[in-house]
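> A single structure is presented below for examination.
The values are calculated or read from the model by the stated rules, or taken from the named source; none is laboratory data. Remember, it's a predicted structure, so these values are computed and weren't measured experimentally. Cβ: placed from backbone, ideal geometry, glycine included. Neighbour counts: every protein chain shown. For accessibility, only protein heavy atoms count, side chains too; no ligands or nucleic acids. Shrake-Rupley method; radii C 1.70, N 1.55, O 1.52, S 1.80 Å.
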Amino acid sequence: MKTSMAASEIHGLAAHAAGAQLVPYKYEPGPMQANEVEVRISHCGICHSDIHLIDNDWGLSRYPFVPGHEIVGTVSAVGAGVRDRAVGQRVGIGWQADSCGICEWCKQGEENLCADAQPTCVGRNGGYADSVRVNARFAIPVPEVLQSENVAPLLCAGITVYSPLRNLGVRPASRVGIVGIGGLGHLGLQFAKAFGAEVTALSTSTDKEAEARRLGADHFVNTRDNGGLKKIAGSFDLLLSTVSADQDWPALVACLRPKGTLCVVGVPPSPIAVQAFPLIAGKRSLAGSNSGSPQDLHEMLNVAARHSIKAITERFPMAKANEALLRVKKNQVRYRAVLAN
Ligand code: NAP
Ligand code: ZN
């Protein structure tokens, strides 16, 4: 058995004010908790939520702020009470690092709904670093066939699209639209295809059409095309919006079939205003979804392994995180930037 050796100092990158560049930062993690693992990070994806948090778009950020919640690495130390993770094991960590473990949601395996859920990089130091500590339950073993660089983005982007497809009952008869073909969206196309749905990519970037089709889209709609959305009115059972900008919400609701759902996972800056009548008349729903439970994370990684689903990545050394963040902000990355140690 490999010995457990917890770090006395963790080296990462932090923003010291809203919107600031990341600079080297070190902190002492203190004694290991009994239920924790420490993970030596090999890769960490850049999720658009990291940018929202650096910029304090949600009013949640505390500085110094170490971003990062699409982590893959190797367990380097385990707490005294951890029985089911071992030093040397490869694991992935997503948005959530801990939960209370005793509320009704934790008990039924929906820890992502726990009122005391602790995000990996809110009120804690995240994965743009050499190591991170989390509750062992949130360090998910990664199937051997998946490459660390391509699997890191699945830990947040992947589960955030997988979870609504699964939990809103997508099946081969379903017509699914994925709005925004970025980090989340390009994985949404692949998972929606794996669920057997007829898949449409809705995008502002016409240069993404060929790739979107290769990833599983049967149709491609340019949302900037005047009247583009009108042509597909009444088309979808599920529309999954992954866009971080305001959109024409009434036009998207009009794209739903009766009983269809517009599920929002991207976080636009303004409130979402839609008329009640199109929801009432067609019994349509407006829904949200947050990341996913550890149970869904296990399942999603297995599905990815069996269906060869992976993130298309651009790799940057950890030290070039600021450059990578700028490319994400400009919507230039195809399709997920991943930092490597
Ligand atoms: P991303 O890689 O930057 O992709 C977002 C995509 O949205 C872009 O590639 C682009 O796709 C489209 N887009 C960007 N700006 C747009 C604009 N002004 N108008 C229309 N479309 C635009 O971001 P991501 O990492 O996928 O994250 C997307 C959003 O999901 C963020 O708000 C993030 O915080 C949120 N998120 C939520 C959860 C959750 O649990 N609910 C989890 C992770 C992320 P096209 O080029 O195809 O138009
Ligand atoms: Zn994320």
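> Confirm whether Val23 is closer than 23 Å to Ala86 by Cα and away from ligand 2 (no atom under 16 Å from the Cβ).
Taking the combined requirement at face value, the residue does not satisfy it.
> Now for a different question. Going through Gly126, Gly158, Gly169 one at a time, which residue ends up being among the small types (Gly, Ala, Ser), part of a loop (DSSP other than H, G, I, E, B) and under 26 Å from Ala86 (Cβ atoms)? Explain how you work it out, then say what you get.
Numbers: Gly158 fails: part of a loop (DSSP other than H, G, I, E, B); Gly169 fails: under 26 Å from Ala86 (Cβ atoms).
Exactly one of Gly126, Gly158, Gly169 is among the small types (Gly, Ala, Ser), part of a loop (DSSP other than H, G, I, E, B) and under 26 Å from Ala86 (Cβ atoms), namely Gly126.
> Scan segment 88-111 for residues that are within 16 Å of ligand 1 (Cβ to nearest atom) and either in a strand (DSSP E or B) or open to solvent by 30 Å² or more (accessible area, probe 1.4 Å) (or both) and report the count. Let's see the steps before the verdict.
Looking only at segment 88-111, we keep the residues that are within 16 Å of ligand 1 (Cβ to nearest atom), and these are 92-97, 99, 105, 110-111.
Among the residues that remain, those that are also either in a strand (DSSP E or B) or open to solvent by 30 Å² or more (accessible area, probe 1.4 Å) (or both) are: 92-93, 95-97, 105, 110.
Going through segment 88-111 one residue at a time, the tally reaches 7.
> Oh, and also: Can you run down the residue pairs with Cβ atoms below 7 Å, 6 or more apart or on separate chains, where the first is in segment 116-131 and over 12 Å from Glu38 (Cα atoms) and touching a residue at least 12 places away in the same chain (Cβ under 8 Å) and the partner is in a loop (DSSP other than H, G, I, E, B) and among the charged types (D, E, K, R)?
Gln118/Arg124; Gly123/Arg62
> Something else about it: Every residue in segment 78-87 that is part of a loop (DSSP other than H, G, I, E, B), surrounded by 14 or more Cβ atoms within 10 Å (Cβ to Cβ) and not charged (D, E, K, R), please. Step through it out loud before you land on a result.
Looking only at segment 78-87, we keep the residues that are part of a loop (DSSP other than H, G, I, E, B), and these are 79-87.
This time we only want the ones that are surrounded by 14 or more Cβ atoms within 10 Å (Cβ to Cβ), so: 79, 82, 85-87.
Matches in segment 78-87: Gly79, Val82, Ala86, Val87.
> Could I ask something else about it? Could you tell me whether Asp237 is outside any loop (DSSP other than H, G, I, E, B) and either within 23 Å of the chain's Cα centre (by Cα) or of a type in the set (Ser, Thr, Tyr) (or both)?
Details: outside any loop (DSSP other than H, G, I, E, B): yes; either within 23 Å of the chain's Cα centre (by Cα) or of a type in the set (Ser, Thr, Tyr) (or both): yes.
Against the criterion (outside any loop (DSSP other than H, G, I, E, B) and either within 23 Å of the chain's Cα centre (by Cα) or of a type in the set (Ser, Thr, Tyr) (or both)), Asp237 qualifies.
> Which ones in segment 55-83 are within 12 Å of ligand 1 (Cβ to nearest atom) and either touching an Asp or Glu at 6+ places or on another chain (Cβ under 8 Å) or among the acidic types (Asp, Glu) (or both)?
Correct list: Asp55, Asp57, Pro67, His69, Glu70.
> Residues in segment 146-153: is at least one of a type in the set (Gly, Ala, Ser), within 16 Å of Ser308 (Cα to Cα) and not in a loop (DSSP other than H, G, I, E, B)? Spell out how you get there, then give the answer.
Filtering segment 146-153 for residues of a type in the set (Gly, Ala, Ser) gives 148, 152.
Then drop every residue that is not within 16 Å of Ser308 (Cα to Cα), which leaves 148, 152.
Subsequent filtering for residues that are not in a loop (DSSP other than H, G, I, E, B) retains 148, 152.
Yes, segment 146-153 contains at least one residue that is of a type in the set (Gly, Ala, Ser), within 16 Å of Ser308 (Cα to Cα) and not in a loop (DSSP other than H, G, I, E, B).
> Across segment 45-54, which residue is nearest to Asn150 (Cα to Cα) among those that are open to solvent by less than 50 Å² (accessible area, probe 1.4 Å) and within 11 Å of ligand 1 (Cβ to nearest atom)?
Looking only at segment 45-54, we keep the residues that are open to solvent by less than 50 Å² (accessible area, probe 1.4 Å), and these are 45-47, 49-54.
Right, trim to within 11 Å of ligand 1 (Cβ to nearest atom) and you get 45-47, 49-53.
Numbers: Gly45: 9, Ile46: 12, Cys47: 14, Ser49: 19, Asp50: 18, Ile51: 20, His52: 23, Leu53: 23 Å.
Selected residue: Gly45.
> Right, here's the next one. Just checking, how many residues over segment 191-207 are more than 23 Å from Leu155 (Cβ to Cβ), more than 16 Å from ligand 1 (Cβ to nearest atom) and within 20 Å of the chain's Cα centre (by Cα)?
0
> Got a sec? Which of Ser4, Ser8, Ser42 is of a type in the set (Ser, Thr, Tyr) and open to solvent by 90 Å² or more (accessible area, probe 1.4 Å)? Please lay out each step first, then the result.
On the way: Ser4 fails: open to solvent by 90 Å² or more (accessible area, probe 1.4 Å); Ser42 fails: open to solvent by 90 Å² or more (accessible area, probe 1.4 Å).
After ruling out the rest, the residue left standing is Ser8.
> Select from segment 124-175 the residues that are more than 16 Å from ligand 1 (Cβ to nearest atom) and in the same structural domain as Leu239 (by TED's automatic domain parsing) and list them in ascending order.
Residues satisfying the conditions are Gly169, Val170, Arg171, Pro172, Ala173, Ser174, Arg175.
> Give the residue, chosen from Arg137, Arg124, that is more than 16 Å from ligand 2 (Cβ to nearest atom), surrounded by fewer than 21 Cβ atoms within 10 Å (Cβ to Cβ) and under 19 Å from the mean Cα position of the chain (by Cα). Give the derivation first.
Working: Arg124 fails: more than 16 Å from ligand 2 (Cβ to nearest atom).
The conditions single out Arg137.
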